[in-house]
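The values are calculated or read from the model by the stated rules, or taken from the named source; none is laboratory data. Quantities reported herein were computed from a predicted structural model and do not represent experimental measurements. Note that we place each Cβ from the backbone using ideal geometry, even for glycine, and neighbour counts take in every protein chain shown.
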Amino acid sequence: MADLKVGHYSEAAERGQPGMAVPQGETFYLETFGCQMNDHDSEKVAGVLLARGYRQVDGPEAAKVILYNTCSIREKAAQKVFSRLGELRPATGDQRPVASEEERSGELRAAATRAQAGVPVPQKSAQPGMVVPREANHPSQRKIVNAGGGKIIGVLGCVAQQEGEGIFERAPWVSLVCGSASYRKLPQLIAELEAGNRRVTGLDTDTDETFETEITRRDNPFRAYLTIIEGCDKACSYCVVPFTRGPERSRASASILEEVRQLAEEGYSEVQLLGQTVNSYADPSARKMRFSELLAAVAEVRGIRRVRFTTSHPRDFGKDIVEAIETHPTICDHVHLPVQSGSTAVLRAMARTYSREEYLEKIALMKAARRPISITTDMIVGFPGETEKDFEETLNLLDEVQYDSVFAFKYSPRPNTPSLRMPDAIPEEEKGRRLAILMDRQREIQRVRNERTVGETFEVLVDGKSRRENQWSGHTSSNRVVNFTSPEQELLGDYVQVKVTMAMPNSLVGEMVGRT
Ligand code: SAM
Ligand code: SF4
């Protein structure tokens, strides 16, 4: 895919010197939509800007550079960025809404209607990408900010990759469009804007590089995220990730371990390894570490007390990962293993590469582990062609596996994905009905499972303090949220022992009984 650049390079821009050409005190505002990988990409983008002499501000009004790191995994997430861009419109007579190409052409709805009527939809060549949308609705965002006055507005991430230069047409006040597979070029693109270029883009996906930075500005003081593999080579028929994030690229094991050691020295005791399919990790260095070996090596770094990893793909999940968890108490007893559907017929249509039975074999490996492993998953309801019987199979998979938590979504047709041309689209109302039934069933499972923990004591990493006196919160190794009481003055970042006194479907309540 071509990398389109508008304008010219200056020699200094090409060198991308930190701090170059940034007038003192220039500011940036960065808002992130989507998954943990987007959150972490934003930490690295912020690091790049800070290294160039920018200062971060918490609202777009005060910012010289406004950046949106976007998500397009479902239609609603993608729409959000266009409403943000509408709020930044310079004062002109044009009050047309800012719509994506996808919305303007009505492509997806039309495709779904054609599919419903059994009319074949022409296939597109590209594929797709991921993310769990998170509501980002900072109050400062609600104000209309005039993009005039020399502000630089940039769209990053999955919507940037999906819509490309079309964003300039609909929102001519945008000057930077860059997909995540081109983030290596961000310093250079920013330098071009600083040098006076009006518009720059980074839209390559055919790269084998990962996005590593000298400085990462970490937002979470207790849990440090590290991307170990970027992109995705799977081709799930509903998903935009392979298209928006490009092919799989793994980071060398030595570089990962070096960063973990640095994090431990900085005082982080919990790290979370990230990847769309984190367990498909393939060490590009001569060491050729397997994912389970990397997990073990990270767990052995002095000072690290908790190692998490997400998201695992069932196809690449094997006994060696369970054994690594068993032998290393620092690897958390939690695995997020998205299933998407309990019906083999639907899994086949989704191109998930495993059957219900094969998925259940992976679950059996975890259930046989020497210490209990908490299992969570993602599910999609209302995939084209999902019958009432298929849906029943998804419901009884919930009963069979007994997940500790489920992220469930209504199927959302996405541009460029093969499922767009599948017949028997499910009406929105029916998708909503199935989602509500699934969530009710799962809530009851969680209520019963959590109730069994009453009276047990867990180690909790304290990461929150309530405004109410003596009230704290934190996470167990199994990633359960625990709210607890303690008269201590300062606990943030500490590991404490909490005895559970009450259970809710989504959290536990307890009291501190000691430190660890
Ligand atoms: N790579 C992970 C895997 O294979 O399971 C998942 C990453 S994806 C970004 C996060 C979740 O979003 C998926 O597990 C899926 O449940 C959901 N998702 C992806 N595409 C979707 C779509 N078109 N409609 C609804 N949900 C979708
Ligand atoms: Fe999307 Fe499938 Fe890749 Fe997950 S494995 S990111 S669902 S294509």
### Summary
If we keep only residues of region 287-298 that are over 23 Å from the mean Cα position of the chain (by Cα) and in a helix (DSSP H, G or I), then the residue nearest to ligand 2 (Cβ to nearest atom) is E293
### Message
Quick check on G7: is it farther than 22 Å from R218 by Cβ, touching a Lys or Arg at 6+ places or on another chain (Cβ under 7 Å) and at pLDDT below 60?
### Response
yes
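For every residue, the table says whether it meets (1) touching a residue at least 12 places away in the same chain (Cβ under 8 Å); (2) over 25 Å from P329 (Cβ atoms); (3) surrounded by fewer than 19 Cβ atoms within 10 Å (Cβ to Cβ).
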{"residue": "K367", "(1), (2), (3)": "no, no, yes"}
{"residue": "P372", "(1), (2), (3)": "yes, no, yes"}
{"residue": "I380", "(1), (2), (3)": "yes, yes, no"}
{"residue": "E388", "(1), (2), (3)": "no, yes, yes"}
{"residue": "F391", "(1), (2), (3)": "yes, yes, no"}
### Message
Taking the condition of being away from ligand 2 (no atom under 16 Å from the Cβ) and out of contact with any helix residue (DSSP H, G or I) (no Cβ under 8 Å at 6 or more places or on another chain), how many residues in region 211-238 meet it?
### Response
4
### Task
Go through the residues of region 407-422 one by one and say whether even a single one is touching a Pro at 6+ places or on another chain (Cβ under 7 Å) and aliphatic (A, V, I, L, M).
yes
### Query
With (1) surrounded by fewer than 19 Cβ atoms within 10 Å (Cβ to Cβ); (2) modelled with pLDDT under 95 as the list, and R287 as the residue in question, which single condition is left unmet?
(2)
### Message
Just to be sure before I move on: is P284 more than 18 Å from the chain's Cα centre (by Cα) and in a loop (DSSP other than H, G, I, E, B) in the structure I sent?
### Response
yes
### Query
What are the residues in region 230-255 that are crowded, with 23+ Cβ neighbours inside 10 Å, not in a helix (DSSP H, G or I) and not charged (D, E, K, R), if any?
G231, C232, C236, Y238, C239, V240, G246, S250
#### Entry: Search result, residues across region 151-169 that are out of contact with any Asp or Glu (no Cβ under 8 Å at 6 or more places or on another chain), assigned to a helix (DSSP H, G or I) and either among the small types (G, A, S) or surrounded by fewer than 24 Cβ atoms within 10 Å (Cβ to Cβ) (or both)
A160, F168, E169
### Message
Of all residues being of a type outside the set (A, V, I, L, M) and away from ligand 1 (no atom under 16 Å from the Cβ) in region 216-229, which is surrounded by the fewest Cβ atoms within 10 Å (Cβ to Cβ)? Just the residue, please.
### Response
P221
### Task
State which residue pairs qualify: first residue within 16 Å of ligand 1 (Cβ to nearest atom) and inside region 321-340, second residue of a type in the set (D, E) in any location, beta carbons under 7 Å apart, and separation of 6 or more residues or different chains.
P338/D378; Q340/D378
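Okay, residues lined up against (1) buried (at least 24 other Cβ atoms within 10 Å of the Cβ); (2) without any contact (Cβ under 8 Å) to a residue 12 or more places away in the chain; (3) in contact with a Leu (Cβ under 6 Å, 6 or more places away or on another chain):
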residue	(1), (2), (3)
V45	yes, no, no
A51	no, no, no
R55	no, no, no
E61	no, no, no
N69	yes, no, yes
E75	no, no, no
A78	yes, no, no
### Query
Which residue out of P415, P423, P384 is within 25 Å of the chain's Cα centre (by Cα), over 25 Å from E326 (Cβ atoms), at pLDDT below 95 and outside any helix (DSSP H, G or I)?
P415
### Query
Residues in region 192-208: is at least one closer than 20 Å to A46 by Cβ and at pLDDT 95 or above?
yes
#### Entry: The one condition in (1) away from ligand 2 (no atom under 16 Å from the Cβ); (2) among the polar types (S, T, N, Q); (3) under 17 Å from the mean Cα position of the chain (by Cα) that T277 fails to fulfil
(1)
### Query
If you check G202 against the conditions, is it within 16 Å of ligand 1 (Cβ to nearest atom), in contact (Cβ under 8 Å) with a residue 24 or more places away in the chain, surrounded by 19 or more Cβ atoms within 10 Å (Cβ to Cβ) and small (G, A, S)?
no
